[in-house]
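Okay, so here's the structure we're looking at.
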Number of protein chains: 2
Amino acid sequence: MGKKAIGIDLGGTAIKGAVIDENGISGEVTRVPTEAQSGGQRVMENILSLIEKLTGAGGGAGAFVGVGIGTPGFVGADGVILGGAENLPGWKGTQVYAPISERFGGLRATAANDVTSVALAELKYGAGRGVQNIVCFALGTGVGGGIVTNGRLYKGTHGMAGEIGHIIVETGGEPCPCGQCGCVERYASATGIVNMAVGMAAQKDTPETEFLKVVKSEPGAVTSKLVYEYVAKEDPVAIAVHERACDMLGRAVGIMINTFSPDKVVLGGGVMMAGGVVLEAVKKYAARHCWPAIYERCEIVIAKMGEDAGVLGAGALALEEFD
Amino acid sequence: MGKKAIGIDLGGTAIKGAVIDENGISGEVTRVPTEAQSGGQRVMENILSLIEKLTGAGGGAGAFVGVGIGTPGFVGADGVILGGAENLPGWKGTQVYAPISERFGGLRATAANDVTSVALAELKYGAGRGVQNIVCFALGTGVGGGIVTNGRLYKGTHGMAGEIGHIIVETGGEPCPCGQCGCVERYASATGIVNMAVGMAAQKDTPETEFLKVVKSEPGAVTSKLVYEYVAKEDPVAIAVHERACDMLGRAVGIMINTFSPDKVVLGGGVMMAGGVVLEAVKKYAARHCWPAIYERCEIVIAKMGEDAGVLGAGALALEEFD
């Protein structure tokens, strides 16, 4: 029988868990509330209860090689949350490995940033199957990412690798809360796309298209999905927003291709619901921002894993690290 | 007795070779002419002769775990030179592993880009000792680099990882022969520094300093060393060139820190002969271009390995890959 592990995906409202083996999720994904507002210790208790359910139903803790946790923020090599998880008050400073080992008879645990660990899910089960080196861009509220080198998730010593949303792509560009200007996240995230649309509506010289009328009448209701509905209708303003987002993303993709020479760049997250139109535009712009010899050996593809990518990636991490 | 390997550093005029063990270079570095103009097969013959000398003096090929080669250009996973070595006509397409195995009774060989492999020398024997993840910038005629993740040299599937000289740091900046504009190499290489100095001398509003007079009188004799001699004399024009070079380099360093979260960024190459003045300025600018939490966990340091770094890195690669 093959190895199996527990994968845990910690979110702001729910914790998801499942048994993961070499074929992916075995059985069902189980959810429990995070209870984030009750503090770090309560969140950890809820994780332990979820592990208990999953191991109990799966032959006891001894049947698993370990537990992998995908968490917001950064995790140090010793299992302490170093920060960066603002939606989980009191989570910073929590030790996540020791309680699992204590409660489940020495069961081993590992952890990584939730977005970063998705890259491992894509490598093992999704768009990166069969290759060794990939870079994933997650285009959601922000832009996150993950890097796999030599077939293994590259976390960095302090769990901080993969902050590709803050690659600067425009000198003196849009100010970012991170303190820099011109971060790719300001343009290519769902938030960035919406902000560009609203900003364009406020400019005098923007042509009065159908899309622009909608944006002006209810700016608070604009989403990246709406932008791409009007891109499909060939609305010139929506297309201008789309092209700018993909130009900026293409620059960041180009930098990652030049520096990492990955076999694949995987584009995922909510923005990629728009699919091929984004993919083709990003390919066009990325090609202008890298060495041809490196670019032609890298494929840019759409992510294959859906909403359970986090659970899968976390479990895959435990399968990778533990025998 | 510990493992030992042969390290080979292929240059445009000379091939250097040495026996490498866990302590570094064992014995002396041996040199033979490259004879680059005689074509790829002659270069390969010269490498084989050098290996013969080194194994002959070191107990025969059977006493070595393998051969590591640092070469200009890119090497595919199968040992074929994929290109990028313009100073070695006919080197592209050469198979470098098989002839070594055939000539020396199955002796194994591995290869990497010469600049990339220096990163492994720094990790094992130099400025990166004791850590797992580093990024090296080599500031020479151009800007090259190397990445070590999880303690191993990250070559990429096609040996093309580490092209950090072509990170774009200025939107619409200086045109680069690579086809992009604003590559960090245009500013922070020795060539870039010289070009900025000469360019500044041609501008009307540049103050007429001692340095400027020297540049104007003999623009062809300007070197990055000269620039830093005048930086030491506090010449305002030389300082302006230096600050701009370090600002641009700091941006690229910031991108690598955000994306890789290395334990150390190692700055090497001829430009770093200037030492601390460059280091301190790069630290200042890099800090403005990354997340504070990631920046404060990364140390920016000067390379420790000297002219034999290439031989050491190549040998270290063989020690790493072969048992």
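The convex hull around the C-alpha trace of the stretch B:93-172, projected and averaged over every direction, spans 7.7 square nanometres.
Legend: P(r) of the stretch B:152-230 from all alpha carbon pair distances, 10 Å bins from 0, whole percents, reading 17, 36, 30, 11, 6, 0. For chain B, modelled as a GNM whose springs connect Cα atoms under 10 angstrom apart, the maximal fluctuation among B:217, B:26, B:261 occurs at B:217. Taken over the stretch A:154-193, the alpha-carbon convex hull comes to 83 cubic angstrom per residue.
Along the stretch B:129-134 the Karplus relation, 6.51 cos²θ - 1.76 cosθ + 1.60 evaluated at θ = phi - 60°, assigns HN-Hα couplings of 4, x, 10, 10, 10, 9 Hz to successive residues, with x for each Gly and Pro. The phi-based Karplus calculation (6.51 cos²θ - 1.76 cosθ + 1.60; θ = phi - 60°) puts the 3J(HN,Hα) values of the stretch A:75-89 at 10, x, 4, 8, x, 9, 6, 8, x, x, 10, 5, 7, 10, x Hz, whole numbers, x for Gly and Pro. Ranked by the mean number of other Cβ atoms within 10 Å of their residues, highest first, the peptides B:5-11, B:262-268 come out as B:5-11, B:262-268. Shielding by partners for peptide A:127-134, expressed as the average number of C-beta atoms from other protein chains within 10 Å of each residue's C-beta, is 1.
Separation of the stretch A:174-220 and the stretch B:120-176, taken as the distance between their Cα centroids, equals 36 angstrom. Based on the Cβ-Cβ distance from residue A:150 to residue A:195, what FRET efficiency comes out when R0 is 35 Å, to the nearest 0.05? Calculated transfer efficiency: 0.40. Looking at the protein assembly as shown alone, DSSP beta bridges between its own residues are antiparallel in about 60 percent of cases.
Distances between copies of residue B:202, taken at a point 7 Å out from Cα along the Cα→Cβ vector and listed shortest first: 4.1 nm. For the stretch B:127-302, the equivalent ellipsoid derived from the alpha-carbon gyration tensor has semi-axes of 29, 17, 14 Å in decreasing order. Which residues' amide hydrogens lie under 5 Å from the amide hydrogen of residue A:75, considering only partners 5 or more residues apart or on another chain, with H built in the peptide plane? For residue A:75, whose amide H was placed from the backbone, the distant partners under 5 Å are A:82, A:113. Put simply, the amide H of residue A:94, placed in the peptide plane, has neighbours under 5 Å in A:81, leaving out anything fewer than 5 places away on its chain. Only Lys, Arg, Asp and Glu carry charge here, each on its Cβ (+1 for the first two, -1 for the last two); on that basis the stretch B:139-265 has a dipole of about 400 debye about its Cα centre. Projecting the alpha carbon convex hull of the stretch B:79-215 along each direction and taking the average yields 12.3 nm². Span-like helix check, chain A: qualifying full DSSP H segments, with Cα axial length of 30 Å or more and mean Kyte-Doolittle of -1.0 or more, are A:236-260.
Once the Cα-Cα distance is subtracted from the 0.36 nm per residue extended length, the residue B:296 to residue B:41 segment shows a gain of 86.9 nm. In the assembly of identical copies, residue A:105 has its label point, taken 7 Å from Cα in the direction of the beta carbon, separated from the corresponding points by 5.2 nm (ascending, one decimal).
According to the square roots a ≥ b ≥ c of the eigenvalues of the Cα gyration tensor, what is the shape class of the stretch A:247-323, taking rounded for a/c under 1.5, prolate for a/b larger than b/c otherwise, and oblate for the remainder? Cα axes put the stretch A:247-323 in the oblate bin. The value of relative contact order for chain B, using C-alpha pairs under 8 Å at least six residues apart, is 21 percent.
Rounded to the nearest whole Hz, the Karplus-based 3J(HN,Hα) values (6.51 cos²θ - 1.76 cosθ + 1.60, θ = phi - 60°) of the stretch A:6-23 follow the sequence 9, x, 10, 10, 8, x, x, 10, 9, 10, 9, x, 7, 7, 10, 10, 4, 9, with x at glycine and proline. Using a 7 Å projection from Cα along Cα-to-Cβ, the label point at residue B:77 is separated from the same position in the remaining copies by 2.7 nm, smallest value first. If you wrap the Cα atoms of chain A in a convex hull and average its projected area over all directions, you get 16.9 nm². The magnitude of the dipole of the protein assembly as shown, with charges of +1 and -1 set on the Cβ of Lys/Arg and Asp/Glu and taken from the Cα centre, is near 380 debye. Shape summary of the protein assembly as shown, radius of gyration then Dmax from alpha carbon positions: 26.2, 83 Å. Could you tell me the calculated FRET efficiency between residue B:3 and residue A:229, based on Cβ-Cβ distance and R0 = 60 angstrom, to the nearest 0.05? The value I calculate is 0.45. For the protein assembly as shown, the 222 nm mean residue ellipticity estimated from helices alone, with every DSSP H stretch of n ≥ 4 adding -39500 (n - 2.57) and the total spread over all residues, rounds to -11500 deg cm²/dmol.
Here the contact order of the stretch A:129-302, divided by its residue count and restricted to Cα pairs under 8 Å and six or more residues apart, works out to 23 percent.
Gain on full extension, evaluated as 0.36 nm per residue between residue A:171 and residue A:95 minus their Cα-Cα distance, stands at 23.4 nm. Peptide B:246-255 is shielded by partner chain Cβ atoms: per residue, an average of 2 of them sit within 10 Å of its Cβ. Here chain A carries DSSP beta bridges of which approximately 60% are antiparallel, counting only pairs with both residues inside. Based on alpha-carbon atoms, the Kirkwood radius and the radius of gyration of the stretch A:11-96 give Rg/Rh equal to 0.97.
When DSSP beta bridges are restricted to pairs lying wholly in the stretch A:1-138, around 65% turn out antiparallel. When chain A is treated as a Gaussian network with alpha carbon springs shorter than 10 Å, the biggest mean-square fluctuation among A:95, A:180, A:132 belongs to A:180.
How many angstrom lie between the Cα centre of the stretch B:1-42 and the Cα centre of the stretch B:246-310? A separation of 29 Å, based on Cα centres. Distances between every pair of Cα atoms in the stretch A:1-151, grouped in 10 Å steps from 0 to the bin holding the largest one, split as 11, 40, 37, 11, 0 percent. Protection proxy ranking of B:279-285, A:33-39, by the mean of other Cβ atoms within 10 Å over each peptide's residues and highest first, is B:279-285, A:33-39.
We did not get these values from a lab; they are worked out from the coordinates using the rules stated. Just so you know, these numbers come straight off a predicted model, no measurement behind them. Cβ coordinates were reconstructed from backbone atoms using ideal geometry, including for glycine residues, and neighbour counts include every protein chain displayed.
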